[in-house]
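See structure below.
The values are calculated or read from the model by the stated rules, or taken from the named source; none is laboratory data. Just so it is clear, the model here is predicted, and its values are computed rather than measured. Positions of Cβ are backbone-derived with ideal geometry, glycine not excepted, and every protein chain shown enters the neighbour counts. These accessible areas exclude ligands, DNA and RNA; they are computed on the full protein's heavy atoms, side chains included. Shrake-Rupley method; radii C 1.70, N 1.55, O 1.52, S 1.80 Å.
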Amino acid sequence: MPLKWKIILINLFEKRIFVHYYLLLLKKDFMRKKIIAGNWKMNKTLPEAILLVNEICQELKARPELINIKDLEIVLAPPFVYLNECYKLIHEFPNVFVASQNCYPEESGAFTGEVSVNMIKSVGAKYIIIGHSERRSYFKEDYLFLARKVLAALKHDMKPIFCIGEVLNEREASQHFEVIRTQLQESLFQLNVVDFEQVIIAYEPVWAIGTGRTASPQQAQEMHAYIRSLIAEKYGDETSQNISLLYGGSCNAQNARELFSMPDVDGGLIGGASLKVQDFITIIESVI
Ligand code: PEP
């Protein structure tokens, strides 16, 4: 074979290998992460918030194994007014981030009292909790409004932690699968696949939030597997495997490990227990 052809063949072969490794790397980047997110809700004054974050940081420093895991992210969601202070305290940790608990979907303007995604991003947050059941029930946030918030977050490269979950009556009437399907279809499934892959979904049965009544690991796994199957139907298997699905609802230091041992549970959205340093750290340790 002429040398010229040999060189062309070798080049092609090398390119193929390069492309193969490039795709592998891409795929690795897409692998789903384990995430523990603490939703502080409307708690703490500024000095208390600073104390809590400092204590969490101290505990993390004493456990380098928790901060050097590439596929683990720790997220703190304090009230809006403390986001920047908290960000300044955690930003040196490679896998610790702050999140807002809400956002408004418009960019700016006459929306007194509201906070836009761009503002949230400018104070250091990376995540935004959207669709928490307390926002859905107390503030009557509907599917369409939530879909607009998700789009606004994605437009600014922020990661939505999108909450879904059924109320007790719906579970007792065996409507929980249908409720979850509708929540996903009406607020998320309008996204294209690239945007959808940026979303983290938190399954939070409303009857378990702040009640001390946790879903059993089997109930959580059953619903998470169902959510993944809906994602696979809509976006394909690969995407469904890449999405992090968190469980939320009275997850605590005692039950976290068992919940996180379920194959489709990739971490937790933690309310009450995220305000107690030792409990929160134990919950983080339970996911690795
Ligand atoms: C939450 O508010 O998202 C939550 C899960 O709360 P708790 O852990 O207190 O039930």
For the chain, the longest site-free run once chymotrypsin sites (Phe, Trp or Tyr not before Pro) in DSSP loop states with at most 13 other Cβ atoms within 10 Å are removed: 140-288
Surface accessible to a 1.4 Å probe, per residue, for the residues of region 162-256, Å²: 40 Å²
Cross-link partners of residue 33 among lysines (Cα-Cα below 16 Å; sequence separation of 8 or more within a chain): 70, 126, 159
Net charge of Cβ neighbours under 13 Å - reference residue 67; Lys, Arg +1; Asp, Glu -1: -3
Residue-count net charge about residue 275 - beta-carbon cut-off 10 Å; Lys, Arg +1, Asp, Glu -1: +1
Kyte-Doolittle mean at least 0.0, axial Cα span of 27 Å or more - DSSP H helices of the chain: 3-30
Rh (Kirkwood; distinct C-alpha pairs) - region 151-204, Å: 12.0 Å
Once the Cα gyration tensor of region 91-184 is diagonalised, semi-axes √(5λ) in Å: 27, 17, 11
Share of carbon and sulfur in the accessible heavy-atom surface of region 31-286 [1.4 Å probe, %]: 52 percent
Stokes-Einstein translational diffusion, the chain - Kirkwood Rh over all Cα pairs, 0.890 mPa s, 25 °C, in µm²/s: 123 µm²/s
Formal net charge of residues neighbouring residue 97 (Cβ-Cβ distance under 10 Å; K, R +1; D, E -1): +1
